[in-house]
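Read the structure below first, then the notes.
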Amino acid sequence: MRRGRLVVICGLVLLAVGTVAPQALAAGTSGEPRIEVSDAKLRASLHCQPSVRNARRTPILLVTGTGIDGSEAWPGAAQLALTAAGRPSCYVNFPEHTTADIQVSVQYLVHAIRAMARRAGRRIAIYGVSQGGLLPRWALSYWPSLRRLATDVVAVAGTQHGTTVFGDALAACGSTCRLTAAAWQQAAGAKLQDALARYPDETPGRTAWTTVRSLDDEVVQPTSGKHPTSALRGASNVVIQRICPGRQVNHIGTGADSVSYAALIDAVTHRGPASAQRLSPRVCSRPFAPGLDEQQTRDRLGVLLELARARTLTGADGGKLLRTEPPVRAYARR
């Protein structure tokens, strides 16, 4: 396997105005997939700022990607910028550092959306990076009751259609491959990707969908052409280099990038998804979200990249390496 190319999917979600009707905060409908994770684990995974309770402004749920915990990705990065902007937020710590079966991790996200909306007393917004961009789509596709709770999803560098980098690497190593569940499932041609591709709507419900991607993304490819893997039909698809020509942003850098953050803020302050036309050229005057120190942020992203690579490729820190992709659940094979 060409380990140099199999850099991990890291992930750093949106607009809501008004309160949520009590019936929208119910645990879901009988026709939705059953939540199998224990209530204790679900509650322990969600970490919210006190200001989320009865929030006066749309709160943001931050969803990380493969190999990184929410507690590692968010408090020193996007959460700092959001707090300074008066936007309360929560994040989730997914099992096995977000390397577990996506069909298990999504249950944590389903709980987080319901619990956060209930705590806030209003709809929430979701900001997800890499696998964190794919998870909200899986959740809102198969748990349609969630669509009333999220006005926006902003998915940055999302593995929406699988990445050919992972697909090519798996083809090269053949029967000797050993990867974490989430890595198998985010490869182009994965059974999980094929199942989601059969779902009729890539941007389900009346939730407003925005995607952001970098043409320099070395992990989630292809980034251009007719079918960029991070883009979604029905979404506002923002390209960082079309806002800031010449900017170089790798995969892990997309979540902290100033354009990604500006798209999030634009989405939560306007009806509908973010609009590239509304983003000010001044966003290109800084590389990262407002208030983030440039050198500290670059150093921090480097540390997170190494953590994510080790956990995804070697199963470090409790991850599980598998010989094959986990089977697709029955509800997604219909």
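The values are calculated or read from the model by the stated rules, or taken from the named source; none is laboratory data. Treat the numbers as computed from the prediction; the structure is a model and nothing was measured. Cβ: placed from backbone, ideal geometry, glycine included. Neighbour counts: every protein chain shown. Quick note on the areas: whole protein, heavy atoms, side chains included, nothing else; ligands and nucleic acids left out. Shrake-Rupley method; radii C 1.70, N 1.55, O 1.52, S 1.80 Å.
Laid out as a table, the results:
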{"read-out": "Residue within region 16-33 that is modelled with pLDDT of 95 or more and either in a loop (DSSP other than H, G, I, E, B) or open to solvent by 20 Å² or more (accessible area, probe 1.4 Å) (or both) present", "value": "yes"}
{"read-out": "Residue, least open to solvent (accessible area, probe 1.4 Å), within region 186-195, restricted to residues that are part of a helix (DSSP H, G or I) and over 19 Å from Thr99 (Cβ atoms)", "value": "Ala195"}
{"read-out": "Residue tally, condition under 21 Å from the mean Cα position of the chain (by Cα) and crowded, with 18+ Cβ neighbours inside 10 Å, over region 50-79", "value": "20"}
{"read-out": "Cβ pairs under 8 Å, 6+ apart, first in region 124-142 and open to solvent by less than 10 Å² (accessible area, probe 1.4 Å), second among the basic types (Lys, Arg)", "value": "Leu140/Arg147"}
{"read-out": "Residues satisfying the stated conditions in region 102-121, i.e. over 15 Å from the mean Cα position of the chain (by Cα) and crowded, with 22+ Cβ neighbours inside 10 Å", "value": "Arg114, Met116, Ala117, Ala120"}
{"read-out": "Residue selected from region 157-185 under the condition open to solvent by less than 40 Å² (accessible area, probe 1.4 Å) and of a type in the set (A, V, I, L, M), by the criterion modelled with the lowest pLDDT", "value": "Ala169"}
{"read-out": "Failed criterion for Thr99 (all others in (1) more than 15 Å from Leu46 (Cα to Cα); (2) open to solvent by 10 Å² or more (accessible area, probe 1.4 Å); (3) hydroxyl-bearing (Ser, Thr, Tyr) hold)", "value": "(2)"}
{"read-out": "Residue count, region 260-275 (criterion: open to solvent by less than 20 Å² (accessible area, probe 1.4 Å) and touching a Phe, Trp or Tyr at 6+ places or on another chain (Cβ under 7 Å))", "value": "1"}
{"read-out": "Options Ser258, Ser275, Ser214, Ser230; residue that is over 30 Å from Gln103 (Cβ atoms), modelled with pLDDT of 95 or more, in contact with an Asp or Glu (Cβ under 8 Å, 6 or more places away or on another chain) and not charged (D, E, K, R)", "value": "Ser275"}
{"read-out": "Residue in region 231-241 that is in contact with a strand residue (DSSP E or B) (Cβ under 9 Å, 6 or more places away or on another chain) and among the charged types (D, E, K, R) present", "value": "no"}
{"read-out": "Residue within region 302-317 that is crowded, with 17+ Cβ neighbours inside 10 Å and touching a Leu at 6+ places or on another chain (Cβ under 6 Å) present", "value": "yes"}
{"read-out": "Residue within region 278-301 that is in a helix (DSSP H, G or I), open to solvent by less than 40 Å² (accessible area, probe 1.4 Å) and small (Gly, Ala, Ser) present", "value": "no"}
{"read-out": "Which numbered condition Thr203 fails, given (1) open to solvent by less than 10 Å² (accessible area, probe 1.4 Å); (2) within 27 Å of Pro33 (Cα to Cα)", "value": "(1)"}
{"read-out": "Residue list for region 212-231, restricted to those being open to solvent by 10 Å² or more (accessible area, probe 1.4 Å) and outside any loop (DSSP other than H, G, I, E, B)", "value": "Arg213"}
{"read-out": "Qualifying positions in region 232-245 - out of contact with any Phe, Trp or Tyr (no Cβ under 6 Å at 6 or more places or on another chain) and open to solvent by 20 Å² or more (accessible area, probe 1.4 Å)", "value": "Arg233, Gly234, Ser236, Asn237, Gln241, Arg242, Ile243, Pro245"}
{"read-out": "The one condition in (1) polar (S, T, N, Q); (2) surrounded by 15 or more Cβ atoms within 10 Å (Cβ to Cβ); (3) at pLDDT 95 or above that Gln248 fails to fulfil", "value": "(2)"}
{"read-out": "Test for Tyr91: is it modelled with pLDDT of 95 or more, within 21 Å of Leu307 (Cβ to Cβ) and in contact with a helix residue (DSSP H, G or I) (Cβ under 8 Å, 6 or more places away or on another chain)", "value": "yes"}
